[in-house]
Amino acid sequence: MIKCIAIDDEPLALTQLEGYIRKVPFLELVKSCRDAISAIEFLDEGEADLIFIDINMPGINGLDFVKSLKKRPMVIFTTAYSEYAIEGFKVNAVDYLLKPFDYSDFLRATNKAYRQYSLLHTSKQERRKEDLSAEYIFIKAGYKITRVNVNDICYIEGFSEYVKIFTAGKIPLVPLITMKNIVGQFKSPDFIRIHRSYIINSKKISEISKNSVKLNNGISLPIGEQYRKNFDDFISKHTLH
């Protein structure tokens, strides 16, 4: 989903924009604002992938607002003044909607944003897959970035907002990343999740019992019911019958 902010000082125009956004399956409206100041306050804490913003507004106009952003989301300008179009594209706007615009115009612009978003995120995902299927990875924990050979990782234990990465004979590394995110990024085929709190390196398995797995460092970890079938299927592929 593309997270959106709608900004327009005209109530009717803002209502129309909100309605259009809600009709598009891949858009999620996270904030509506009547001025740029409210949007700035939201972005100090929240996040957005795409901003729909009127250019001609009192106080901070749309162009100055976009130029002020250090981390700039995608932008689609909406305005009744065609002379702003060139200025809009100077800040790399995805598109420019001239008021009054209908839903088909809006959909054309949002489809452009969707293509741009998809290309950007596909590229990021591919880079992550390449990095995490390599022989080594870099792990940022505290104030240090440590190079770790993937084969040296024994298991990963998940907590609420971080994980512990255990390697042979060393103090565990504790990067600030959730279990959900590391599962989405860690693509090495040797690693398998056996429990909501544990991912193991299958190369480190020494014994498997009914409810647990023993690694070659002597650590025994439980097998969660939710992950048992996937684990059993994995082991079956590597077992002599």
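A few remarks follow.
- Test for Ser209: is it under 20 Å from Tyr162 (Cα atoms) and small (Gly, Ala, Ser): no
- The set of residues in region 193-212 being out of contact with any helix residue (DSSP H, G or I) (no Cβ under 8 Å at 6 or more places or on another chain) and outside any helix (DSSP H, G or I) consists of Tyr198, Ile200, Ile205, Ser206, Glu207, Ser209, Lys210, Asn211, Ser212.
- Answer from Lys229, Lys187 - the residue that is surrounded by fewer than 19 Cβ atoms within 10 Å (Cβ to Cβ) and either at pLDDT 90 or above or in a strand (DSSP E or B) (or both): Lys229
- Members of region 16-33 found to be within 18 Å of Lys99 (Cβ to Cβ) and without any contact (Cβ under 8 Å) to a residue 24 or more places away in the chain, listed by number: Gln16, Glu18, Gly19
- Members of region 152-161 found to be more than 16 Å from Arg193 (Cα to Cα) and more than 23 Å from the chain's Cα centre (by Cα), listed by number: Asp152
- Listed conditions (1) touching a Leu at 6+ places or on another chain (Cβ under 8 Å); (2) surrounded by 14 or more Cβ atoms within 10 Å (Cβ to Cβ); (3) of a type outside the set (Phe, Trp, Tyr) are all met by Ser202, apart from (1).
- Every pair of residues 6+ apart whose Cβ atoms lie under 8 Å, when the first sits in region 34-46 and is within 14 Å of Ala6 (Cβ to Cβ) while the second is surrounded by fewer than 12 Cβ atoms within 10 Å (Cβ to Cβ) and at pLDDT 90 or above: Arg34/Pro11
- Candidates in region 116-168 are the residues that are within 18 Å of Ile200 (Cα to Cα) and acidic (Asp, Glu); of these, the one that is modelled with the lowest pLDDT is Glu135.
- Filter result (of a type in the set (S, T, N, Q) and farther than 18 Å from Gly59 by Cα) within region 1-47: Thr15, Gln16
- Condition met for Thr178 (closer than 28 Å to His121 by Cβ, among the β-branched types (Val, Ile, Thr) and surrounded by fewer than 18 Cβ atoms within 10 Å (Cβ to Cβ)): yes
The values are calculated or read from the model by the stated rules, or taken from the named source; none is laboratory data. Here the structure is a predicted model, which means the values were calculated and not measured. Positions of Cβ are generated from backbone atoms using ideal geometry, with glycine treated the same way; all protein chains shown enter the neighbour counts.
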